[in-house]
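The structure under discussion appears below in the form of structure tokens.
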Amino acid sequence: MGLRERKKEQTRRRIAEVALRLFDERGYDAVTVNEIAEAAGVAKVTLFNYFPTKDCLVTEGVKEDLAAIVAGRGEGRSPLQALREHYRSMAARGAGVVDVEALLARVRVIGSSPALMGALHAMHMSERYELAEALGEVYPGDDLTARLMAGQITAAVTTIQEAFFHRIATGEPLEEAGRRLAGDVELAFDLLEHGLTYVKEGINHEKGDQL
């Protein structure tokens, strides 16, 4: 990354950090874009060059491009294998790089704003539709199957993310939350790949081993 790109990234990060701090202190609706720009030391037009809408100041970076992961998977890899490997990798490295305070602030801000909750819902819907299109390329001729698969995958991913956020919010040490996240990823993709019956049989087998 060149000097110009680094400066642009620093400006983007500063604007986002200032916005999140102000939203957390005063509430999303109470803070104007003008106030954010002034506090970040940039012109309003500069802010909009980086973040085209106010809600992007909070939601940008939340959306994950699952469709791109499926489309860019390695040869011989199934969509679920590619997605499992992606989230397995994220869980393995994520605990060490998470800014807990920023994460909790983002969760608080989004959770306290109906507008942001609506924007997040719309983002998840868009993510699901895009994933369904990518899966439709893998399994052509069966649009319903692609849409059902996309719905199940996005629901599973959202659920394990919510579980991680909840653990952090309730004071669980980051290292432990990260370890449990890794297990959640495996459980989620076992369910997606093999179905509920497979997982229930595994649980019953473990219980039998303990008797």
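The values are calculated or read from the model by the stated rules, or taken from the named source; none is laboratory data. For clarity, every value in this text was computed on a predicted model and none was experimentally measured. Positions of Cβ are backbone-derived with ideal geometry, glycine not excepted, and every protein chain shown enters the neighbour counts. With ligands, DNA and RNA removed, areas are computed over all heavy atoms of the protein, side chains included. Shrake-Rupley method; radii C 1.70, N 1.55, O 1.52, S 1.80 Å.
Between GLN81 and GLU9, the modelled label-to-label distance comes to 3.2 nm, taking each label 7 Å out from Cα in the direction of the beta carbon.
Here the simple spin-label model places points 7 Å from the Cα toward Cβ, and for VAL33 and THR145 these points are separated by 4.5 nm. Per-atom-type breakdown for the chain gives carbon and sulfur 54% of the accessible area (1.4 Å probe, protein chains only).
Taking only protein heavy atoms and a 1.4 Å probe, what accessible area per residue, in Å², does the chain have with all protein chains in place?
Numbers: 12630 Å² over 211 residues.
Result: 60 Å² per residue.
So how do 112-119, 64-71 stack up, highest first, on mean other-Cβ count within 10 Å? Let's see the in-between values first.
Values: 112-119: 14.6, 64-71: 18.2.
Highest-to-lowest ranking by the protection proxy: 64-71, 112-119.
Where in the chain are the DSSP H helices whose alpha-carbon span along the long axis reaches 20 Å or more and whose Kyte-Doolittle mean is at least 0.0? Don't skip to the end; give the middle numbers.
Working: long enough: 3-26 (34 Å, -1.44); 79-97 (27 Å, -0.38); 114-138 (36 Å, 0.19); 143-169 (39 Å, 0.53); 174-194 (29 Å, -0.12); 196-210 (21 Å, -1.25).
Span-like helices in the chain: 114-138, 143-169.
Could you tell me the ratio Rg/Rh of region 1-150? Both radii from Cα atoms, Rh via Kirkwood. Show your work: numbers first, answer last.
Details: Rg = 18.3 Å, Rh = 17.6 Å.
With Rg and the Kirkwood Rh in hand, the quotient comes to 1.04.
Once the Cα-Cα distance is subtracted from the 0.36 nm per residue extended length, the ALA163 to LYS44 segment shows a gain of 39.2 nm.
Note on region 1-50 and region 146-196: Cα centroid distance 31 Å, given to the nearest whole angstrom.
For region 73-136, what does the equivalent ellipsoid look like in terms of its semi-axes, each the square root of 5 times an eigenvalue of the Cα gyration tensor, given largest first in whole Å? If you can, show how the numbers build up before the last one.
Working: eigenvalues 153, 85, 5 Å².
Equivalent-ellipsoid dimensions as semi-axes: 28, 21, 5 Å.
Descending by average beta-carbon neighbour count within 10 Å, the peptides 137-144, 182-189, 44-51 line up as 182-189, 44-51, 137-144, the highest first.
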